[in-house]
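Peer 1: Okay, handing you the structure first.
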Amino acid sequence: MSINLDSWRRLPAAQQPEWPDRDELKKVVAELEGLPPLVFAGECDSLKAHLAAVARGEAFVLQGGDCAETFAGATADDVRNKLKTLLQMAIVLTYAAKVPVVKIGRMAGQFAKPRSKGTEVRGGVELPAYRGDMVNGLDFTPESRTPDPWRLLRAYHSSAVTLNLVRAFTKGGYADLRQVHAWNQDFVAESPAGKRYEQLARGIDQALAFMHACGADPEEFHTVEFYSSHEALILDYDQALTRIDSRTGLPYDVSAHMVWIGERTRQLDSAHVAFFASIRNPIGVKLGPTTTVEEALTLIEKLNPDNEPGRLTFITRMGASKIREHLPELVEKVTASGAQVAWICDPMHGNTFEAPSGHKTRRLDDVLDEVVGFFEVHRALGTHPGGIHIEFTGDDVTECVGGGHEIAEGDLALRYETACDPRLNRSQSLDLAFRVAELYRSV
């Protein structure tokens, strides 16, 4: 089988940095090509099998993490807090949905972000836009904002540190089911919405007590399977970390278990689509409200011509005001085509607005409303609402408004710490998980 991993280079590649020195980029790419894989092809295949179950309606995806990771955030505390929040959400959803929850982090590689404008102007000074720590720095100076290819190498090492921490936490007892449930009990006790969640939490407690009384103590109670993902935006980086699997002779992007194409780079004749067509990872594509049925079907044809279950996930990002109008036809026609696709809802990116203070923010009520619309559409069509994809942090930031511990627009400046888009904090994330659980229990 002939594999041409360079075919994307002949096509237009959107959102790529303007590297000032291409020779330096070549040196970095050559070094990346010689480094060990961050993940293994067999792990990617394991995730693909789980996503196949999602496509069949037998599992649910919880995918989340930072909007844009930073090198400074690759610490034990930061990684642990994000992982803790995601595990807390997962146990609630597992109990409510009565199906396995596939846990995927926007972690260990989410260091690059597409931007609507290539430059930023402040005080009459124009500099390149911040494109994530993989490309340039957040500080508004010419030195910081100049794209530096050596940051690609630092992204690799930061990803390795993060994955090492995640594996230690998920396999070393930190992810024990009873411990995670105890965290949720604490949350329910402290939450203004605690009484609303108390019944669900009590049900989990009783289920655990019953299994303990029966002597049930499987390995799955003490460890979890956790997968990494990122938007594969900077193609030089992801190709440099593509390896030929010794088992199958097929190429895998070993920078993450799952990679996705963003809304701004999913053009049918784009370099990103061509690159993704060449790798064998499970992959995702973000679909906004302008996506046509023809585009969705052509993406399926290009990215999953063999109709392999678990290979392709559509991550819809419509906005709360548009999802009920634009999603039904897409789901209906794609389903009618026979395509094996998992559907996940990203309720974050379509609901961003600017507060009077100038901060980009999102309302938790809008985020939830988009998830409700996603469920309504799938239930009406008899298809499976396969998961949610959110931007969150385990810290008590003030970046999105609303939630049980109410954050008002005037509070945004208190702890607005994101490097790019606003994230749900731990309390808001758990609010969302309990409310999604209620959606499952009501259908």
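Peer 1: Taking the condition of a type in the set (Asp, Glu) and in contact (Cβ under 8 Å) with a residue 60 or more places away in the chain, does Glu126 pass? Steps first, please.
Peer 2: On the way: of a type in the set (Asp, Glu): yes; in contact (Cβ under 8 Å) with a residue 60 or more places away in the chain: no.
So Glu126 fails the test.
Peer 1: Go through the range 350-365 and report how many residues are touching a residue at least 40 places away in the same chain (Cβ under 8 Å), surrounded by 20 or more Cβ atoms within 10 Å (Cβ to Cβ) and in contact with a Gly (Cβ under 8 Å, 6 or more places away or on another chain).
Peer 2: Within the range 350-365, the first condition is being touching a residue at least 40 places away in the same chain (Cβ under 8 Å), and the residues that meet it are 350, 352, 355-357, 359-362, 364.
Next cut, surrounded by 20 or more Cβ atoms within 10 Å (Cβ to Cβ) only: 350, 361-362, 364.
Cutting the leftovers down to in contact with a Gly (Cβ under 8 Å, 6 or more places away or on another chain) gives us 350, 364.
Residues flagged as touching a residue at least 40 places away in the same chain (Cβ under 8 Å), surrounded by 20 or more Cβ atoms within 10 Å (Cβ to Cβ) and in contact with a Gly (Cβ under 8 Å, 6 or more places away or on another chain) within the range 350-365 amount to 2.
Peer 1: Condition first: hydroxyl-bearing (Ser, Thr, Tyr) and open to solvent by 30 Å² or more (accessible area, probe 1.4 Å). Can you find one or more residues in the range 81-95 that meet it? If you could, list the steps in order and put the result at the bottom.
Peer 2: First, the residues of the range 81-95 that are hydroxyl-bearing (Ser, Thr, Tyr): 85, 94-95.
Add one more test, that the residue is open to solvent by 30 Å² or more (accessible area, probe 1.4 Å), and what stays is 94-95.
Yes.
Peer 1: Is it fair to say Glu143 is surrounded by fewer than 13 Cβ atoms within 10 Å (Cβ to Cβ), charged (D, E, K, R) and over 30 Å from Glu225 (Cα atoms)?
Peer 2: Values: surrounded by fewer than 13 Cβ atoms within 10 Å (Cβ to Cβ): yes; charged (D, E, K, R): yes; over 30 Å from Glu225 (Cα atoms): yes.
Considered against the rule, which asks whether it is surrounded by fewer than 13 Cβ atoms within 10 Å (Cβ to Cβ), charged (D, E, K, R) and over 30 Å from Glu225 (Cα atoms), Glu143 comes out as yes.
Peer 1: Among the residues of the range 157-172, are any more than 15 Å from Lys82 (Cβ to Cβ), open to solvent by 10 Å² or more (accessible area, probe 1.4 Å) and modelled with pLDDT under 95?
Peer 2: Yes.
Peer 1: Could you list, in sequence order, all residues of the range 266-291 that are over 20 Å from Asp6 (Cα atoms), open to solvent by 50 Å² or more (accessible area, probe 1.4 Å) and touching a Ser or Thr at 6+ places or on another chain (Cβ under 9 Å)?
Peer 2: Of everything in the range 266-291, nothing turns out to be over 20 Å from Asp6 (Cα atoms), open to solvent by 50 Å² or more (accessible area, probe 1.4 Å) and touching a Ser or Thr at 6+ places or on another chain (Cβ under 9 Å).
Peer 1: List the residue pairs whose Cβ atoms are under 7 Å apart, where the first residue sits in the range 158-175 and is of a type in the set (Phe, Trp, Tyr), the second is open to solvent by 10 Å² or more (accessible area, probe 1.4 Å), and the two are 6 or more positions apart or on different chains.
Peer 2: These pairs meet every condition: Phe169/Arg80.
Peer 1: Would you call Phe374 aromatic (Phe, Trp, Tyr), under 24 Å from Leu200 (Cβ atoms) and free of Cβ contacts under 8 Å to residues at least 60 places away in the same chain?
Peer 2: Numbers: aromatic (Phe, Trp, Tyr): yes; under 24 Å from Leu200 (Cβ atoms): yes; free of Cβ contacts under 8 Å to residues at least 60 places away in the same chain: yes.
The answer is yes for Phe374.
Peer 1: Name the residue, out of Leu25, Leu47, Leu51, that is open to solvent by less than 70 Å² (accessible area, probe 1.4 Å) and touching a helix residue (DSSP H, G or I) at 6+ places or on another chain (Cβ under 9 Å). Give the steps one after another, and end with the answer.
Peer 2: Working: Leu47 fails: touching a helix residue (DSSP H, G or I) at 6+ places or on another chain (Cβ under 9 Å); Leu51 fails: touching a helix residue (DSSP H, G or I) at 6+ places or on another chain (Cβ under 9 Å).
Unique residue meeting the criteria: Leu25.
Peer 1: So which pairs qualify, if the first residue must be in the range 310-337 and under 21 Å from Ile261 (Cα atoms) and without any contact (Cβ under 8 Å) to a residue 40 or more places away in the chain, the second must be of a type outside the set (Phe, Trp, Tyr) and open to solvent by 50 Å² or more (accessible area, probe 1.4 Å), the Cβ gap must be under 8 Å, and the two must be at least 6 apart or on different chains?
Peer 2: Between residues of the range 310-337 that are under 21 Å from Ile261 (Cα atoms) and without any contact (Cβ under 8 Å) to a residue 40 or more places away in the chain and residues that are of a type outside the set (Phe, Trp, Tyr) and open to solvent by 50 Å² or more (accessible area, probe 1.4 Å), the close pairs are Leu312/Gln340.
Peer 1: Something else now. Go through (1) open to solvent by 40 Å² or more (accessible area, probe 1.4 Å); (2) closer than 28 Å to Cys420 by Cα for Glu301 and report which single condition fails.
Peer 2: (2)
Peer 1: Which pairs do you get when a residue that is in a helix (DSSP H, G or I), found in the range 420-443, comes within reach of a residue that is surrounded by 24 or more Cβ atoms within 10 Å (Cβ to Cβ) and β-branched (Val, Ile, Thr), reach meaning Cβ atoms under 6 angstrom, with the pair 6+ apart or on two chains?
Peer 2: Correct list of pairs: Arg426/Thr85; Ser429/Thr85; Ala433/Val92; Phe434/Val92; Ala437/Val92.
The values are calculated or read from the model by the stated rules, or taken from the named source; none is laboratory data. The structure displayed is predicted, hence computed values, not measured ones. A quick note on method: Cβ atoms are made from the backbone with ideal geometry, for glycine too, and the neighbour counts reach across all protein chains shown. All accessible areas refer to the heavy atoms of the entire protein, side chains included, with ligands and DNA or RNA removed. Shrake-Rupley method; radii C 1.70, N 1.55, O 1.52, S 1.80 Å.
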